[in-house]
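Peer 1: Before we start, here is the structure in question, set down as structure tokens.
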Amino acid sequence: MADRPEIRAPGARANHATYARRHAHEREPQSPSRYDETAAHGVEPGPVPSLTIVILVVGSRGDVQPFIPIARRLAQDGHRVRLATHAVFREFVESHGIEFFPLAGDPRELMDYMVMTGGHLVPHHLGQLVEQVPRKREVMAEILASTWAACTESDPARPAASPYLANAVIANPPSLGHIHVAEALGVPLHIMFTMPWSPTGAFPHPFTHVTSAGHAGLRNRLSFEAFDWLTWLGLADLVNDFREQSLGLEPIHLRDHGASVLHELAVPHAYLWSPSLLAKPSDWGPHIDVTGFVFPDETRFQPSSALREFLAAGDPPVYVGFGSCTATDPIALTTTIFDGLERAGVRGLVSRGWAKLGIASAPKHVHLVDDVPHDWLFPRCTAVCHHGGAGTTAAGLRNGLPTMVVPFFGDQYFWGRIVADAGAGPEPVPIDALTAETLADGIAFTLQPEVRARAVALGEKVRAQPGAQQAVAAFYKRLPLAGMRCSLDTTHLARRSCHECRLSLCGLCDAVIHEDRARALHRRECLEYVAWNVTGSPSVAEWLEGTIEKTLGIDDPPEPRKPLRIRDEEHVSPSAVDDATRARILARFESAVQIRVSASPVEGGLS
């Protein structure tokens, strides 16, 4: 078996609950990418084999958008990349030439729920608890199931598409299935997200509103722990059903760090925001990177004649829009915005968005727009007022625009606080506190010269950071490349290990080497690139485990069941290999045998 990769958790053992690569097909790499920067991180430099990468994303369009440039860059490096997200985003993803797979869940329904509950994991009203929680659990179960299909099945809307089996996973945390499908496949996992999800004492979890100044570091760290625990308590049974029934894996429990498995296993993370806006906390480990905001490629957009005329008719307007957030009363919110812009004495561009703003006719100082790319629109504005989504916040700051944040839920409060602390905007005004007066006051604040100067300076720093490039570099940096490269051709991905040859081989080399009768019966098995030892993680403090499980009436876990195993059916026919390629492979094999024999003469017999 090949050496285990460096990102394996300390003390982890091989977990052989791995599905064989039933649908895998050996593909000749397209000019494999090189990652020479790895030398600086103690990783062997050289080619990154051509991979089949799935990107799992659950959330709004703003959550999906940063992964478009990342996917395109990975594809340009010669990898097969699939972006798996909600079906409503199929056209958006495929319009950028990226392979798509539909995950379950309707992002509008998810946004409605978050707005309704104010972003709380557990609704505060009994009616919401009774009606909404069962439905949301049903959706979460569907999302979990679809993450496995995204890794192993062809796109159901493209029946003629090539078979698919992922050998690397990139995911955002809400996709839920990430670590579990990676464990089942034995492949690398890299978490990428636009908001902090790793425990730190530097700031609170974005979905909690910790305001006390006392013992801030401890309170901040506990906010992450509390969020993980609440999430786990609500979803543990769904996760374990998924693990057992879909993946053939053992269930995980509190003692296995089920609530915080990503952190306990030190899964690599890349956070997609600018370190100039929010620096990497000092208590985050080396497996966590802050890589910069990721922006879409330059958009070719043709504005309507009405929009062009409005922009040309006066001073640059203030943009107001709330993206994918929904409004409980669109008419009242529209009136508030129109009145606030008038009080502030500015012209406004109001985006209808999912809040359905602009039902009333717009006054002369306001122009209504639908889906206009931020990279085209924002350079033509003087300031922005929005919900505080990470993507919209990044777009405004990239253009040096003073920013007023009106948060609806979740991380929007967090980003509103970060912008205000940077001096690039006023204190955030929650949507429930938004009036014509508070909107006008916030806009007035953004128009102050010193605020604009700070926003412009911040924009220069943000623009200088190549976010997509850095995110891909972070992904390559954390790959267990030594265990993924074919021993005889490092541009190919190793598929199997041979016990007798003591080599990791791609499908092509494996076929050529083992067509010889003397080696045909060698013991070969599918490679696990990463042994995610989820259920073998070190125990939580024993007294805490015992107390909690006794209180909840949880019995001792049953004996672990044997994992499902499927025979590997991926073959390359030796007869399809040309003579020159066969000769090259055999020469490399003989060289590898000689090197091993020279190093350890007693270990002969490989040939």
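Peer 1: Scan segment 271-327 for residues that are in contact with a strand residue (DSSP E or B) (Cβ under 7 Å, 6 or more places away or on another chain) and among the polar types (S, T, N, Q) and jot them down.
Peer 2: Correct list: T291 only.
Peer 1: Same structure, new question: Counting just the residues of segment 258-310 that are part of a loop (DSSP other than H, G, I, E, B) and basic (K, R), which one comes out farthest from V462 (Cα to Cα)?
Peer 2: Restricting to residues being part of a loop (DSSP other than H, G, I, E, B) and basic (K, R), the top hit is R300.
Peer 1: Going residue by residue through segment 271-280, is there one that turns out to be crowded, with 21+ Cβ neighbours inside 10 Å and over 19 Å from the mean Cα position of the chain (by Cα)?
Peer 2: yes
Peer 1: Quick check on this structure: which one of V267, V318, V369, V350 is among the β-branched types (V, I, T) and within 30 Å of W229 (Cβ to Cβ)?
Peer 2: Being among the β-branched types (V, I, T) and within 30 Å of W229 (Cβ to Cβ) holds for just one of V267, V318, V369, V350, which is V267.
Peer 1: Further question: Can you tell me how many residues in segment 486-517 are in contact with a Leu (Cβ under 9 Å, 6 or more places away or on another chain), basic (K, R) and assigned to a loop (DSSP other than H, G, I, E, B)?
Peer 2: Going through segment 486-517 one residue at a time, the tally reaches 2.
Peer 1: Now a separate question. Under 7 Å between Cβ atoms, which residue pairs at least 6 apart in sequence (or on different chains) link something in segment 438-449 that is outside any helix (DSSP H, G or I) with a partner that is small (G, A, S)?
Peer 2: L447/A383
Peer 1: Among the residues of segment 212-244, count how many are free of Cβ contacts under 8 Å to residues at least 40 places away in the same chain, more than 21 Å from A202 (Cβ to Cβ) and acidic (D, E).
Peer 2: The number of residues fulfilling the criteria is 1.
Peer 1: If you take the residues of segment 229-250 that are crowded, with 20+ Cβ neighbours inside 10 Å and not hydrophobic (A, V, I, L, M, F, W, C), which of them is nearest to V57 (Cα to Cα)?
Peer 2: Per the stated criteria, the residue is R243.
Peer 1: Take the residues in segment 571-593 that are assigned to a helix (DSSP H, G or I) and farther than 21 Å from R502 by Cα, then tell me which one is modelled with the lowest pLDDT.
Peer 2: The residue in question is S575.
Peer 1: D329 versus (1) of a type outside the set (V, I, T); (2) out of contact with any Cys (no Cβ under 9 Å at 6 or more places or on another chain); (3) more than 16 Å from T435 (Cα to Cα): which is the lone unmet condition?
Peer 2: If we test D329 against (1) of a type outside the set (V, I, T); (2) out of contact with any Cys (no Cβ under 9 Å at 6 or more places or on another chain); (3) more than 16 Å from T435 (Cα to Cα), just (3) comes out false.
Per-residue answers, yes or no, for (1) surrounded by 24 or more Cβ atoms within 10 Å (Cβ to Cβ); (2) of a type outside the set (G, A, S); (3) within 28 Å of E109 (Cβ to Cβ):
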residue	(1), (2), (3)
A306	no, no, no
G323	no, no, yes
G345	no, no, no
F409	no, yes, yes
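Peer 1: V456 - would you say it is in contact (Cβ under 8 Å) with a residue 60 or more places away in the chain, β-branched (V, I, T) and outside the structural domain of S223 (by TED's automatic domain parsing)?
Peer 2: For V456, the condition - in contact (Cβ under 8 Å) with a residue 60 or more places away in the chain, β-branched (V, I, T) and outside the structural domain of S223 (by TED's automatic domain parsing) - is not met.
The values are calculated or read from the model by the stated rules, or taken from the named source; none is laboratory data. This one's a predicted model, so the numbers in the text were calculated from it and none came from an experiment. Virtual Cβ from ideal backbone geometry, glycine too; neighbours counted across all protein chains shown.
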